[in-house]
Amino acid sequence: MTTIPEKIREAVSYIKSCCNTSPEIGIVLGSGLSNFIAEIEEEKTIPYTHIPHFPVSTVKGHSGKLIFGRIGTKNIVVMAGRLHFYEGYAAGEVAFPIRVMKLLGVHTLLISNAAGGVNPSFNVGDLMIITDHISLATVNPLIGKNEDAFGTRFPDMSEPYSKELIGKGKTIAGELNIPVKEGVYFGVTGPSFETRAEYKMIRILGGDAVGMSTIQEVIVAIHAGMQVFGISVITDLGIRAENNLITHEEVLQAAGKAAPEITALFKGLVKAI
Ligand code: HPA
């Protein structure tokens, strides 16, 4: 049976055989946030379906390709279409592309996502720089045999989101006149949105926003010694007393509106890293 490290190495070999690049920054684009792609001086695009062992995304709004290219002088790789635990992948599979990025040379990961706001001061369309996360309501991707080649059995999680990158992100947002909030991202498995009682509980437990992605990718990135910057677009509010109906269409629409700001911020960050 092919082991996980072997699968990752085979995926990396395939990518290297069709694209002679060494990306240093990896970018994961969340739901409705793919317009960042237009900013890339593209070198090579590889559909996930072509890469050996690469899990394939099925959700609407996620196109499923790795894009290699440049922003300014920086070599980047962008995951356009992320994998979600709720699609049926194991938590470790969700994080597979992050390990592929690591072996390609990526040291810094920029992640975006759509999230529900539970901080009562948040509005739809707000951007929230993620300062920390709560992963206990989703599944840890490191469960199982530790892959020593990537990192230690019990990785420290005291600073999953780099303070230095948060500082840079805030400075760049200020220069670009983009208002940003900060807060704690609370990870859930989905795919159902939360009940009113769950949104309330998430707030009580210390979450500012809640979402169905990001956590697995970040844990694996930290395990592998990468630096992470994460940002959420608040696409819906989970704390409304009335009309608490939430749809995926509404999430995609709100994310799409915020996409130009996230794109500008990521572009600035890539240049500043
Ligand atoms: N809950 C969970 N995930 C989400 C939400 C939400 O309200 N909005 C966007 N992703």
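The values are calculated or read from the model by the stated rules, or taken from the named source; none is laboratory data. What you are looking at is a predicted structure, and each value in this text was computed from that prediction instead of being measured. Neighbour counts are summed over all protein chains in view; Cβ atoms, including those assigned to glycine, are modelled from backbone coordinates with ideal geometry.
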**OP:** Evaluate the following for N123: is it of a type in the set (S, T, N, Q), touching a helix residue (DSSP H, G or I) at 6+ places or on another chain (Cβ under 7 Å) and surrounded by fewer than 18 Cβ atoms within 10 Å (Cβ to Cβ)?
**Re:** no
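Listed here are the residues, each with its yes/no results for (1) farther than 19 Å from F229 by Cβ; (2) of a type outside the set (S, T, Y); (3) in contact with a Cys (Cβ under 8 Å, 6 or more places away or on another chain); (4) within 16 Å of the ligand (Cβ to nearest atom).
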| site | (1), (2), (3), (4) |
| --- | --- |
| P23 | no, yes, no, no |
| L29 | no, yes, no, yes |
| P55 | yes, yes, no, no |
| M101 | no, yes, no, no |
| L109 | no, yes, no, no |
| G117 | yes, yes, no, yes |
| S121 | yes, no, no, no |
| V124 | yes, yes, no, yes |
Original post:
Which of the residues belonging to segment 242-273 are touching a residue at least 24 places away in the same chain (Cβ under 8 Å), of a type outside the set (A, V, I, L, M) and surrounded by fewer than 19 Cβ atoms within 10 Å (Cβ to Cβ)?
Top reply: N244, H248, Q253, G256, K257, P260, K267, K271
Subject >> Inter-residue pairs, beta-carbon under 7 Å, first touching a residue at least 12 places away in the same chain (Cβ under 8 Å) and within 12 Å of M79 (Cβ to Cβ) and in segment 9-34, second polar (S, T, N, Q) and in a loop (DSSP other than H, G, I, E, B), 6+ apart >> reply: G30/S213; S34/S63
**OP:** State which residue is farthest from the ligand (Cβ to nearest atom) when the search covers only segment 225-264 and only residues that are among the polar types (S, T, N, Q) and under 16 Å from the mean Cα position of the chain (by Cα).
**Re:** Q227
Subject >> Lone qualifier among I51, I67 - being touching an Asp or Glu at 6+ places or on another chain (Cβ under 7 Å) and modelled with pLDDT of 85 or more >> reply: I67
Original post:
Where residues in segment 176-210 are more than 10 Å from the ligand (Cβ to nearest atom) and of a type in the set (D, E), which of them is surrounded by the most Cβ atoms within 10 Å (Cβ to Cβ)?
Top reply: D208
Original post:
In segment 144-175, how many residues are over 21 Å from G268 (Cβ atoms) and exposed (fewer than 11 other Cβ atoms within 10 Å of the Cβ)?
Top reply: 6
